[in-house]
Amino acid sequence: MTEASDATFDRLWSEHAAAVVRYARAHVLPDDVEDVVAETFVVAWRRLDEIPDLGLPWLLGVARGISANARRSRRRQGALNDRLMSLGETRVQNTPEDDWPLFHDGSTMAALRALPESDRELLTLLAWDGLSQEEAAEVLGCSRGALKVRLHRARRRFAQLTDVAHEVTHDRDPAPHLGGTQ
């Protein structure tokens, strides 16, 4: 590679490494974060000429695919461990399939965790990763119009879940929003 390539890669790293780390922390177990970040930047190095001017959406799209692979690998490892357990072997490591490392408690966090993965990812790309709708559409591989529809639906589902979680947390009758009396 050339000095220009080195400079381009250094710029990508300095400007976007922290965002890729945040993304990885939100989508994989802590043990996998460094691997996801490293693999993302290996792909960036190999495909440096293909990266658009706004590199962050492209990098997060790569990190998304690598994160999905890491989660699938964990699930397969968990399934293998379960099979070994059924054969009388000891469990190698605890890898619950439903573990999403960022959220542990709180009604808002519980509502976010209860959303489908695609809704969670969309909302966190916009709110936590600070992407525009156009950038998020690029990360998710969809059109801006499709993203707007998905976002509207995700926000509606999230609002419904937070309303229910808030009512349960505050021990109120959930009937008022269903047309009941208070």
* Within the group D119, D129, which residue is touching a Leu at 6+ places or on another chain (Cβ under 7 Å) and either acidic (D, E) or over 27 Å from E15 (Cβ atoms) (or both)? -> D129
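A quick yes/no check of all residues on (1) modelled with pLDDT under 90; (2) farther than 20 Å from A26 by Cα:
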| residue | (1), (2) |
| --- | --- |
| A136 | no, no |
| C142 | no, yes |
| R155 | no, no |
| F158 | yes, no |
| E167 | yes, yes |
| D173 | yes, yes |
* Tell me which residues, restricted to the range 30-47, are in contact with a helix residue (DSSP H, G or I) (Cβ under 8 Å, 6 or more places away or on another chain) and either of a type in the set (G, A, S) or crowded, with 17+ Cβ neighbours inside 10 Å (or both). => D32, V33, V36, V37, E39, T40, F41, V43, A44
* **All positions within the range 1-29 that are in a loop (DSSP other than H, G, I, E, B) and surrounded by 12 or more Cβ atoms within 10 Å (Cβ to Cβ)** => V28, L29
* Could you tell me which residue of the range 70-125 is nearest to V139 (Cα to Cα), considering only residues that are modelled with pLDDT of 75 or more and in a loop (DSSP other than H, G, I, E, B)? => P116
* Asked: Among the residues of the range 18-38, which ones are free of Cβ contacts under 8 Å to residues at least 40 places away in the same chain and under 12 Å from L60 (Cα atoms)?
  -> A18, V21, V36, V37
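The values are calculated or read from the model by the stated rules, or taken from the named source; none is laboratory data. These figures come from a predicted structure and were not determined experimentally. Methodologically, a virtual Cβ is constructed for each residue, glycine included, from the backbone with ideal geometry; neighbour enumeration extends over all protein chains shown.
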